[in-house]
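Worksheet for the structure shown next.
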Amino acid sequence: MKAISVIGITNSGKTTVCETIIRGLRRRGYSVGSVKEIHFEEFMIDPNPNTNTNRHRAAGSQLVTARGYYETDILYQSKIAIEDILKHYDHDYVILEGVSDCNVPIIITAHNQAEVQDRIDCRAAAVSGVIANSCSDELFGMPVFNALNDPEALVDFAEKRAFEPLPSFDTDCCSGCGCGCREFAGMVARQKAGREECVLFSQAVELSVNGRLIPMVPFVQAILKNTVVGVIRELHGFEEHSKIEVRFKL
């Protein structure tokens, strides 16, 4: 699953850019999901306290699901980390709107250069939105895309430059690539490194839960490997340099 995020000030064209990318990728045959960040503290899908779903919540249900004929809404009682949200997606692409805490390429939307400059970080890879109507083809070293006048160029960019979200480990845990996860995401976003250069991309030790690979920093891989091998080495049939598989249900 590849992802890309669109961030910017209110009414700067974020949703239009996301719509353009989603539509374009769907036309090209990809499966596409999306995440919309809501910057409003009182946001609720179902704000009416008298609805049955809210009565469930008020009674103490910690996870409420509203299941209808054409839509199913699962209502968590807290904000969920973007990494946990993305575990629910198995699409080719996920387009993020307003999400700034995910290590993927970022497209900045804005009205003017100052708004772009305020939001630039190492992951910023392109500019779009309202500013594209009065801007050159490049700004602060990034390409500028007009979602309305040249939507295919924007979709081309998203298709080629999106990548699987990188982890967000603290540098004290892992700096195998020589920098932090966010900085490395910026290098990949600017095409100065490849996603596969992340030391977790091809783990020597793999741990999966319900079929989903769990990223582990090198020292955790070493602990798990040494513990398992230390036990198995004492068993009849063990051979050095063997491929070892351990599976169990909790």
**Request:** Collect the residues in the stretch 39-62 that are touching a Leu at 6+ places or on another chain (Cβ under 8 Å), under 30 Å from GLY8 (Cβ atoms) and either in a helix (DSSP H, G or I) or of a type outside the set (Val, Ile, Thr) (or both), keeping them in residue-number order.
**Result:** ASP46
**Item:** Residues located in the stretch 1-26, provided they are under 16 Å from the mean Cα position of the chain (by Cα) and assigned to a helix (DSSP H, G or I)
**Value:** CYS18, ILE21, ILE22
**Message:** One residue is enough: does the stretch 4-25 have a residue meeting the conditions over 27 Å from LEU213 (Cα atoms), hydroxyl-bearing (Ser, Thr, Tyr) and out of contact with any strand residue (DSSP E or B) (no Cβ under 9 Å at 6 or more places or on another chain)?
**Reply:** yes
**Complete:** Residue hits (the stretch 134-163; surrounded by fewer than 16 Cβ atoms within 10 Å (Cβ to Cβ) and either at pLDDT below 95 or not in a helix (DSSP H, G or I) (or both)) are SER134, SER136, ASP137, GLU138, PHE140, GLY141, LEU148, ASN149, ASP150
**ILE108 vs. criteria out of contact with any Cys (no Cβ under 9 Å at 6 or more places or on another chain), part of a strand (DSSP E or B) and surrounded by 12 or more Cβ atoms within 10 Å (Cβ to Cβ)** = yes
**Asked** Which residue, of GLU97, GLU115, is surrounded by 13 or more Cβ atoms within 10 Å (Cβ to Cβ), under 17 Å from the mean Cα position of the chain (by Cα) and at negative phi?
**Response** GLU97
**Message:** Quick check on my filter: what residues within the stretch 70-97 are farther than 25 Å from THR53 by Cβ and part of a loop (DSSP other than H, G, I, E, B)?
**Reply:** ASP90, HIS91, ASP92
**Message:** Go through the stretch 190-241 and report how many residues are of a type in the set (Ser, Thr, Tyr) and either modelled with pLDDT of 80 or more or touching a helix residue (DSSP H, G or I) at 6+ places or on another chain (Cβ under 9 Å) (or both).
**Reply:** 2
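The values are calculated or read from the model by the stated rules, or taken from the named source; none is laboratory data. Bear in mind the structure is a predicted one, so any value in this text is a computation, not a measurement. Note: ideal-geometry Cβ built from the backbone for every residue, glycine included; neighbour counts use all protein chains shown.
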